[in-house]
Amino acid sequence: MIDDLNQLEAEALATLADAADPDAVEAWRIEYLGSKGRLKALMPRMKDVPKDQKGAVGKRLNEVKKALEQAFKDKKSASGDAPSRSAGSILDITEPGVIESRHLGRSHIITRVIEELTEVFGRMGFAVAEGPELEDDEHNFIKLNIPPEHPARDPIDNFYVDDPATVTTPRMLRSQTSTVQIRTMEDAVAKGWGPPIKIVSPGRVYRPDTVDATHSFMFHQLEGLFIDRGVTMIDLKTTLMQFAHAYFGPDADIRLRPSFFPFTEPSAELDMMIALKPGTEPDWIELGGCGMVDPAVLENCGIDPEEWTGFAFGFGIERIAMGRYGIPDIRMLFENDVRFLSQL
Ligand code: DAH
């Protein structure tokens, strides 16, 4: 009996070592350790074992059983529990998939606000125009009627790439999206597709401001320009009011305060009545500037101010995003902290 047990053990371990896939391992378990398996089949012979050997044989039987069970466990964990892909196994495509946590990415909140804004203005007939972030002072200042001695041109307040003291048309990171007004008008005249011109232009602008909760050296503006025959201040105010209602709801309000910009005459500061933080009372928030395009600017771009008039506006997109989504600090928009971004 002991010989038979030894032989069974040796044979079983050798066969198990050859089992190549989980199906073969399972077949081996049934053959050797199953309730009708070969080890079980030896049990009834215990009663024929002479009394004085029963202890030893019983002990050996247990040892072999334990050894085979252990070998089976080891083999199984080594070969993994993955279902067999051997011939005949079936992939059930109706089974629910293995659930892994998948995080869906999405557009940054500023990108989404830009899409919302251009969509609202799109419904009012404004096309989207874009211009370069690396500009020159001709488009950022000169053609916008901003004279050389104007404080806005101070190198301290701008990111010049060329030295304005030595280069005739120094390049700079644009400080305002009003540059796109100039580029669009030049383009329209050169290619003969306008005026009329009706565009909005979203984009990044750069100013060496000290960073705090409401300032950043880089932020976004939305510029608007509408040139046609007979455009007046009423069209400007109506357009801005329509926008406020479409984007912030029927309770939103706008207010124009007299102001000055070199490229508009008359000029106004644009305030909007919105709630900056959720749950708080709405208040007047300064969003940007606007006005009637100065005739000198039209002339600079080859458009006859006797025939055409137009309005322009420009406002800060972060302000709008912060108002709309109750974001208390502009820096949160640029830190790219996923814990913040995934809340929006
Ligand atoms: N470019 C101005 C700024 O950055 C904002 C602005 C004011 C834009 C009046 C305009 C405008 O188009 O008409 O402060």
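The values are calculated or read from the model by the stated rules, or taken from the named source; none is laboratory data. From a predicted model like this one, the values you see are computed outputs, not experimental measurements. As a convention, Cβ positions derive from the backbone with ideal geometry for all residues, glycine included, and neighbour counts pool all protein chains shown. Accessible surface areas use protein heavy atoms only, side chains included; no ligands, DNA or RNA. Shrake-Rupley method; radii C 1.70, N 1.55, O 1.52, S 1.80 Å.
Quick notes on this one:
- When we screen 159, 126, 121, 141 for residues that are without any contact (Cβ under 8 Å) to a residue 60 or more places away in the chain, of a type outside the set (Val, Ile, Thr), closer than 24 Å to residue 267 by Cα and within 16 Å of the ligand (Cβ to nearest atom), the only hit is 141.
- Output for the range 173-192, where each listed residue is surrounded by fewer than 24 Cβ atoms within 10 Å (Cβ to Cβ) and either touching an Asp or Glu at 6+ places or on another chain (Cβ under 7 Å) or not assigned by TED's automatic domain parsing to the domain that holds residue 312 (or both): 173
- Within the range 167-183, the residues that satisfy the criterion of being outside any loop (DSSP other than H, G, I, E, B) and away from the ligand (no atom under 12 Å from the Cβ) are 171, 172, 173, 183.
- Subset of the range 286-329 [part of a helix (DSSP H, G or I), away from the ligand (no atom under 16 Å from the Cβ) and modelled with pLDDT of 95 or more]: 299
- Only one entry of 303, 234, 285, 227 meets the criterion of being open to solvent by 60 Å² or more (accessible area, probe 1.4 Å) and among the aliphatic types (A, V, I, L, M), and that entry is 234.
- From the options 256, 236, residue that is in the same structural domain as residue 156 (by TED's automatic domain parsing), within 13 Å of the ligand (Cβ to nearest atom) and not in a helix (DSSP H, G or I): 256
- Evaluation of residue 258 against (1) surrounded by 14 or more Cβ atoms within 10 Å (Cβ to Cβ); (2) at pLDDT 95 or above (one fails), failing number: (1)
- Among the conditions (1) over 22 Å from residue 129 (Cβ atoms); (2) at pLDDT 95 or above; (3) open to solvent by less than 20 Å² (accessible area, probe 1.4 Å), residue 264 misses just one, which is (1).
- Residue within the range 184-197 that is farther than 20 Å from residue 292 by Cβ and in a loop (DSSP other than H, G, I, E, B) present: yes
- Answer from 40, 36 - the residue that is exposed (fewer than 15 other Cβ atoms within 10 Å of the Cβ) and not in a helix (DSSP H, G or I): 36
- Checking each residue in the range 101-134 for being farther than 17 Å from residue 221 by Cβ, more than 21 Å from the chain's Cα centre (by Cα) and assigned to a loop (DSSP other than H, G, I, E, B) picks out 124, 125.
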